[in-house]
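> One structure coming up, written as structure tokens, with questions to follow.
The values are calculated or read from the model by the stated rules, or taken from the named source; none is laboratory data. This is a predicted model, so every value here is computed, not measured. Cβ coordinates were reconstructed from backbone atoms using ideal geometry, including for glycine residues, and neighbour counts include every protein chain displayed. SASA here: full protein model, heavy atoms, side chains in, ligands and nucleic acids out. Shrake-Rupley method; radii C 1.70, N 1.55, O 1.52, S 1.80 Å.
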Amino acid sequence: MRWIKLFLFFSILLVVGCTKTEEKPDIVIDIKVSKNGYEPNIINVERNKVVLFRITATDEGIEKDKDSKYYGHCFYILPPYDVMVENIEKGQTKEVKVKMIYPGHHIFTCPYCSLYFPTKGDIYVK
Ligand SMILES: [Cu+2]
């Protein structure tokens, strides 16, 4: 009984924690990020679509020092998605594929600099 419960618990964790995917994308969304925020900062997608996000940083973010842990910008979709792309350097594009399984309003942000700059956006999954 105990093992079954444990197995179920980890199975659920695995399923819930898997919004990042290697599936073929249905759509591609290009996003630019700088100290002025994300462009676009409002994204509408259909539920269960696989979205390839391509995030390009157009400035260096809050840290000028390239060796700093916090150099560049991030693209972080808050839980339940909990998808993080870190250290996108100036001029660099990073990608992540996400299956949009959770409906409703979700927030993405740059944890490095959102306290100082308007690096925050909304995703609406319908
Ligand atoms: Cu940032």
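> Quick one: count up the residues across region 27-38 that are in a strand (DSSP E or B) and within 13 Å of the ligand (Cβ to nearest atom).
Within region 27-38, the first condition is being in a strand (DSSP E or B), and the residues that meet it are 27-34, 37-38.
Narrowing the set further to residues that are within 13 Å of the ligand (Cβ to nearest atom) leaves 31-34, 37-38.
Summing the residues that are in a strand (DSSP E or B) and within 13 Å of the ligand (Cβ to nearest atom) in region 27-38 gives 6.
> What is the one condition in (1) surrounded by fewer than 18 Cβ atoms within 10 Å (Cβ to Cβ); (2) near the ligand (Cβ under 10 Å from one of its atoms); (3) assigned to a strand (DSSP E or B) that Tyr116 does not satisfy?
Only one criterion is unmet by Tyr116, namely (3).
> Just one of (1) open to solvent by 20 Å² or more (accessible area, probe 1.4 Å); (2) under 14 Å from the mean Cα position of the chain (by Cα); (3) modelled with pLDDT of 95 or more trips up Cys18, so point out which.
Status for Cys18: all satisfied but (3).
> Would you confirm, using the coordinates I've provided, whether Leu8 is open to solvent by 40 Å² or more (accessible area, probe 1.4 Å) and either small (Gly, Ala, Ser) or at pLDDT 95 or above (or both)?
So Leu8 does not fit the description; no.
> Counting just the residues of region 49-60 that are within 13 Å of the ligand (Cβ to nearest atom) and farther than 16 Å from Gly121 by Cα, which one comes out modelled with the highest pLDDT?
Out of the qualifying residues, it is Thr58.
> Please go through region 61-77 and give me each residue that is under 15 Å from Lys94 (Cβ atoms) and within 13 Å of the ligand (Cβ to nearest atom), ordered by number.
Gly61, Tyr71, Gly72, His73, Cys74, Phe75, Tyr76 - these are the residues of region 61-77 that are under 15 Å from Lys94 (Cβ atoms) and within 13 Å of the ligand (Cβ to nearest atom).
> Could you please tell me which pairs satisfy a Cβ distance under 6 Å, a separation of 6+ or placement on different chains, a first residue in region 52-81 that is of a type in the set (Phe, Trp, Tyr), and a second residue that is within 14 Å of the ligand (Cβ to nearest atom) and open to solvent by 60 Å² or more (accessible area, probe 1.4 Å)?
Listed pairs, sorted by first residue: Tyr70/Glu63; Tyr71/Glu63; Tyr76/Met84; Tyr76/Pro111.
> What number goes with the only condition from (1) touching a residue at least 24 places away in the same chain (Cβ under 8 Å); (2) away from the ligand (no atom under 16 Å from the Cβ); (3) open to solvent by 70 Å² or more (accessible area, probe 1.4 Å) that Ile123 does not pass?
Here Ile123 meets the rest and fails (3).
> Looking only at region 92-107, decide whether some residue is out of contact with any Cys (no Cβ under 7 Å at 6 or more places or on another chain), among the acidic types (Asp, Glu), under 24 Å from Lys66 (Cα atoms) and away from the ligand (no atom under 14 Å from the Cβ).
The answer is yes, given that some residue of region 92-107 is out of contact with any Cys (no Cβ under 7 Å at 6 or more places or on another chain), among the acidic types (Asp, Glu), under 24 Å from Lys66 (Cα atoms) and away from the ligand (no atom under 14 Å from the Cβ).
> Inside region 61-112, can you point out the residues that are exposed (fewer than 15 other Cβ atoms within 10 Å of the Cβ) and outside any loop (DSSP other than H, G, I, E, B)?
Met84, Thr93, Glu95, Gly104, His105, Ile107
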